[in-house]
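The block underneath contains the structure these notes are about, expressed in structure tokens.
The values are calculated or read from the model by the stated rules, or taken from the named source; none is laboratory data. Model, not experiment: these values are computed from the prediction. Backbone-built Cβ (ideal geometry, glycine too); neighbour counts: all protein chains shown.
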Amino acid sequence: MAQFFGIDLTVAGIAVLLAKALLAFILIVIADEIIAHQFEWKHTLIMALLALFATPIVTTLMYQSINITIPFFDLLVSLTIWVVAGEILLREGDWQTKLKVALLAFVGFTLISYFGDPYITNFVTTYVVS
């Protein structure tokens, strides 16, 4: 299985990551509707793609540069990327609103990733890429 910094480069791996990005986009839009009502959908889509593709790359590079194991390091890196992407890409609104939307989307996506990842992978590999 070919990997590029933690990203599975098979058709199924890319399809699963894009399905997760779509799910993250939906969560960001829902968080925006609950909190702010002001962000553009293009910026939220780019934020979802950036957060999901950058997290495995940055995590792998960090693990290669430091030789210690830090508990929950993946979550910390992911949270940092979500917050930074939210601050950069969600241009409308103040920093508190952008932080709330990014945190709510991160928490929602993390919970869905932990509990729904096997179902998403199974669906994509069975019905989308076969």
> Out of 107, 29, 77, 84, which single residue is surrounded by fewer than 16 Cβ atoms within 10 Å (Cβ to Cβ), among the β-branched types (Val, Ile, Thr) and either under 30 Å from residue 125 (Cα atoms) or modelled with pLDDT under 85 (or both)?
Replying inline: 107
> Could we say that residue 97 is under 16 Å from the mean Cα position of the chain (by Cα), over 25 Å from residue 9 (Cβ atoms) and at pLDDT 80 or above here?
Replying inline: no
> Name the pairs whose Cβ atoms lie under 6 Å apart, with the first residue in the range 7-18 and part of a helix (DSSP H, G or I), the second at pLDDT below 80 and β-branched (Val, Ile, Thr), and 6 or more positions between them or separate chains?
Replying inline: 11/129; 12/129; 15/128; 15/129
> Going by the conditions given, is residue 77 closer than 23 Å to residue 128 by Cα and in contact (Cβ under 8 Å) with a residue 12 or more places away in the chain?
Replying inline: no
